[in-house]
Structures are given as C-alpha cells and as structure tokens.
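Participant: This structure is in structure tokens; I'll ask about it shortly.
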Amino acid sequence: MRSDLPALGDIESRTDIEALLWAFYGAALIDPVLGPVFTIAEMDLATHLPRIASFWEATLLGTGTYAGRPMQLHRHLAATAGLAAVHFEQWLVLWRHTLTALFDGPTATRAVGDAQRMAVGMIRDIEKPRPAKETSSLATAPERMAG
Ligand code: HEM
C-alpha cells in the first residue's frame with residue numbers, strides 16, 4: 001500500500017517529538033470530542049507543548065527532564081472539565097493516526113503502546129472511587145464526575 005510513498009523515519013530527537021506534538025494537538029484542539037475539554041481547561045499550547053515534549057522525550061528517548069504529575073493533572077481535569085473515558089479513546093485514535101502519518105519504526109511503535117497503557121491507567125484512576133477528603137483537595141468544582 002505504502003510502497004510508492006517516501007519511507008518514513010523513526011522518532012529520534014526532541015525536534016521529532018515537537019513535530020509530532022504540533023501535528024497531534026493541531027488536530028486535537030479542533031476535534032469535536034476533544035476540543036471542548038481543551039477549551040474548558042483553557043489549554044495554552046505554547047505553554048504546555050514544551051512540558052508535554054519533555055514528558056515524551058523522557059518516556060521515549062530517555063533524555064530531557066520532566067517532573068510533572070500527569071495522573072493528578074488529568075484526575076483534576078475529570079473534575080473540572082469533564083474529562084472521561086470517551087476522550088481518551090478519541091485521543092488514542094488521533095495519536096495513532098498522527099504517529100502513523102509521520103513516523104515509522106520501533107520508537108514510534110512504542111509511542112502507541114505507551115500511550116495506550118497510560119490511557120488505561122488514567123481512566124482507571126479517574127473512575128476509581130475515592131474518599132471525599134482526597135477528592136476535595138484535588139477538585140475545585142464542588143461535585144465530581146465519577147467516583
Ligand atoms: C494517554 C493519554 C494522555 C497523555 C499521555 C497525556 C499527557 C499529558 C501531559 C504529559 C501533560 C502535561 C502535564 C504537565 O504540564 O506537567 C498533559 C496536559 C494536559 N492534558 Fe493530557 N494526556 C493524555 C490525554 C488527555 C486527554 C484525553 C485530554 C482531554 C481531551 C487531555 C487534556 C490535557 C490538558 C487540558 C492538559 C493541560 C492541563 C493544564 O492546564 O495544566 N489529555 N497531558
């Protein structure tokens with residue numbers, strides 16, 4: 001199928017990761033399922049992209065420094081912006097689509113598997129019932145979506 005197309009390279013540098021993320025978030029921000037969550041969260045890509053790039057650089061290439069707490073952050077987004085399983089499913093569709101369009105190789109394949117595992121972990125975390133005390137310290141909204 002793809003034999004007539006130029007060969008795609010693997011993800012090898014931070015520049016590659018930034019190219020992947022700009023393409024991915026370009027699509028995600030205007031996606032009918034994901035867009036509203038980013039709008040509610042007032043996600044500013046110029047601020048967040050370097051942090052997200054560091055996260056993926058550390059995950060995929062073992063370089064760069066990332067010291068954030070994505071689990072807690074997305075749990076907070078579940079409470080404040082309605083982040084739920086349906087968003088992770090669509091996120092993964094776009095992630096796979098963007099990766100396949102731009103890269104080919106073992107690291108690109110790993111990026112798919114890693115995201116899938118993280119999405120499963122984040123969904124579990126979001127849907128896990130927790131005591132009111134812990135919930136109220138993380139959520140600014142008075143009620144929680146789940147749990
Ligand atoms: C496996 C799937 C996902 C991964 C690996 C992931 C990863 C990340 C990372 C690393 C950050 C940066 C955290 C930081 O600043 O330290 C982030 C931020 C963010 N993510 Fe995700 N994410 C995922 C799914 C989603 C989904 C489905 C949505 C919503 C549609 C979403 C919305 C956001 C938003 C709004 C922020 C910025 C939050 C803020 O204002 O600080 N993410 N994500």
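The values are calculated or read from the model by the stated rules, or taken from the named source; none is laboratory data. Since this is a predicted model, take the numbers as computed values, not measurements. Backbone-built Cβ (ideal geometry, glycine too); neighbour counts: all protein chains shown.
Participant: Only one of (1) at pLDDT 95 or above; (2) part of a loop (DSSP other than H, G, I, E, B); (3) β-branched (Val, Ile, Thr) is not met by Thr65, so which one is it?
Facilitator: Answer for Thr65: the failing condition is (1).
Participant: Quick test of your reading of the structure: Val86 fulfils all but one of (1) surrounded by 14 or more Cβ atoms within 10 Å (Cβ to Cβ); (2) in a helix (DSSP H, G or I); (3) within 13 Å of the ligand (Cβ to nearest atom). Name the failing condition by number.
Facilitator: That leaves (1) as the condition not met.
Participant: Let me spell it out: the conditions are (1) within 9 Å of the ligand (Cβ to nearest atom); (2) in contact with a helix residue (DSSP H, G or I) (Cβ under 6 Å, 6 or more places away or on another chain), and Trp91 meets all of them except one. Which number is the exception?
Facilitator: Exception for Trp91: condition (2).
Participant: Same structure again: So, of the residues in the range 30-67 that are within 17 Å of Trp91 (Cβ to Cβ) and of a type in the set (Gly, Ala, Ser), which turns out to be surrounded by the most Cβ atoms within 10 Å (Cβ to Cβ)?
Facilitator: Ala53
Participant: Here's a follow-up. If you go through the range 9-57 one residue at a time, how many are among the charged types (D, E, K, R), in a helix (DSSP H, G or I), in contact with a Phe, Trp or Tyr (Cβ under 8 Å, 6 or more places away or on another chain) and more than 8 Å from the ligand (Cβ to nearest atom)?
Facilitator: Selection size over the range 9-57: 2.
Participant: Let me ask something else. Can you find, within the range 99-126, the residue that is surrounded by the most Cβ atoms within 10 Å (Cβ to Cβ) among those that are among the hydroxyl-bearing types (Ser, Thr, Tyr) and within 17 Å of Glu57 (Cα to Cα)? Quick ask: steps written out before the conclusion?
Facilitator: The initial filter retains those residues of the range 99-126 that are among the hydroxyl-bearing types (Ser, Thr, Tyr), namely 100, 107, 109.
Those still in the list that are within 17 Å of Glu57 (Cα to Cα) too: 107, 109.
Numbers: Thr107: 18, Thr109: 15.
Step by step, filter the range 99-126, then rank; the result is Thr107.
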